[in-house]
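For reference, the structure discussed in these notes is given below.
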Amino acid sequence: MTNPLNCRPLFTQEQLSPTLRVSHTLAPPSPSTNTILDVRALHNDIRNLLVLDPTSSQVLATQEDKLRAPWTVEEEGLLLLRGKIFVLDVGNLRLRVLQGKHDHPLAGHFGQEKTLQLVRQDYTWPNLRHFVQDYVNSCSTCLCNKSRHHPPYSHLKQLPIPSQP
C-alpha cells in the first residue's frame, strides 16, 4: 500500500499502551451536548429553588399585592425583577444561563458585551456584569481562538543611573 501523503506514524503499536489503542473505538463526547440550554428545565429549576435563596424567599414572603415595585411574580411562578427573570445563586443556575447564551452552537462565543446583552434580554441577578466578564475571560474556546486586541508590549528600557544617593 502506498502512502500518498508521505505520512508516517510517530509511535509503533508496541510503544502505545493498550488503553490508548482502544480509545479510538470509543465515541468522543460531543461538545454541543453540554451547551444546549433547555429553557423549560432551567425555569423549572429556578422555580423549584426559589425557597432556598434568601433574597427571593424574603420577597416572596410578602403577599403578592404588597410586593415592592420592581418585583413581580409571573403566572408560572417565576420571580421577576424589573421584568427579567431573577436567577438565584443556588447550584449552577447562573452558569447554565451563561452556557446557553455564550457556548450555544448558535451563539458563537461572543465577547463580554454581546454576551451581557443576550443574558440581560431575559435574565438578571446581582453583579451580572462581573459574572459575565469572569466567565468569558475563562472560556477556553475563546482563549484559544480569539486574538488579543491590544498593541504589542514594548521593549524594557533601562532606568537612568542616579547621580546622587
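Remarks
- A residue that is within 19 Å of Leu42 (Cβ to Cβ), at pLDDT below 80, of a type outside the set (A, V, I, L, M) and crowded, with 16+ Cβ neighbours inside 10 Å occurs nowhere in segment 64-86.
- Evaluation of Ile36 against (1) modelled with pLDDT of 80 or more; (2) under 21 Å from the mean Cα position of the chain (by Cα); (3) of a type in the set (A, V, I, L, M) (one fails), failing number: (1)
- Selection of segment 127-136 for residues being touching a residue at least 12 places away in the same chain (Cβ under 8 Å) and not basic (Lys, Arg) yields Leu128, Phe131, Val132, Gln133, Tyr135, Val136.
- Subset of segment 116-146 [surrounded by 14 or more Cβ atoms within 10 Å (Cβ to Cβ), at pLDDT below 90 and in a helix (DSSP H, G or I)]: Tyr135, Val136, Cys142
- Filtered residues of segment 87-115 (kept if touching a residue at least 24 places away in the same chain (Cβ under 8 Å), of a type in the set (A, V, I, L, M) and either in a strand (DSSP E or B) or surrounded by 15 or more Cβ atoms within 10 Å (Cβ to Cβ) (or both)): Val87, Leu88, Val90, Leu93, Val97, Leu98
- Single condition Thr115 does not satisfy, out of (1) out of contact with any strand residue (DSSP E or B) (no Cβ under 9 Å at 6 or more places or on another chain); (2) among the β-branched types (Val, Ile, Thr); (3) closer than 22 Å to Val59 by Cβ: (3)
The values are calculated or read from the model by the stated rules, or taken from the named source; none is laboratory data. Every value quoted in this text rests on a predicted model; they were computed, and no experiment measured them. A quick note on method: Cβ atoms are made from the backbone with ideal geometry, for glycine too, and the neighbour counts reach across all protein chains shown.
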